[in-house]
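Just below is one structure, and these are the notes that go with it.
Where a number appears in this text, it was derived from the coordinates with a stated rule and is not lab data. None of the values given here were measured: they were computed from a predicted structure.
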Amino acid sequence: MTINITSRHADISDTQKTHVHAKLAAVLEAYPEVEYAHVIMDTQKFRHIIEVIVQGKHHLRIEAKEESDDMYASVDKVADKVDRQLRRARDKVVDHKSVKHRTKLADFEQELNHQV
């Protein structure tokens with residue numbers, strides 16, 4: 001998994017880069033289908049805007065954007081947003097697949113009961 005960090009209108013320090021990388025790596029570690037994450041850190045006057053674009057297998061694409069007065073707070077909030085969106089996407093796939101599996105298993109059990 002690759003995490004690319006880009007800055008607009010300001011230079012970012014190494015501590016900010018490591019904070020962003022640590023936060024996103026911790027979130028994305030639980031989702032093996034994620035292949036790439038692009039982080040855009042923007043500073044406009046007193047606002048710090050963080051945009052995250054996550055791409056992965058099976059046409060997975062998630063975008064999250066957060067804005068606040070503190071860069072670290074923005075990173076924390078956007079990491080939570082990405083986690084929620086990835087969990088929702090994974091649960092949709094899991095729920096979708098489990099329904100078919102449950103119906104096949106239920107049909108199989110009914111056939112077994114009828115044969116006995």
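Using the alpha-carbon atoms, what tilt in degrees (0 to 90, nearest 10) does helix 14-28 show relative to the longest principal axis of the chain?
That works out to roughly 10 degrees.
Under a 5 Å amide H to amide H cut-off, with H placed in plane at 1.01 Å, what residues pair with residue 5 once short-range neighbours are removed?
Those lying under 5 Å, H to H, from residue 5 are 39.
Which of the aspartates and glutamates could a cross-linker bridge to residue 81, judged by Cα under 19 Å and excluding same-chain residues fewer than eight apart?
Within the straight-line cut-off, residue 81 pairs with 29, 33, 35, 42, 51, 63, 66, 67, 69, 70, 91.
Between 0 and 90 degrees, rounded to the nearest ten: what's the tilt of helix 71-115 against the longest Cα principal axis of the chain?
10 degrees
Across the stretch 56-70, in residue order, what do the Karplus-derived ³J(HN,Hα) couplings come to in whole Hz, using 6.51 cos²θ - 1.76 cosθ + 1.60 with θ = phi - 60° and x for Gly and Pro?
With the stated coefficients, the stretch 56-70 comes to x, 5, 6, 6, 6, 8, 10, 10, 9, 9, 9, 9, 7, 7, 10 Hz.
Need one number: the % of Cα-Cα pairs in the chain sitting beyond the 25 Å mark.
37 percent
Once you keep just the Cα pairs under 8 angstrom separated by 6 or more residues, what percentage relative contact order results for the stretch 2-115?
20 percent
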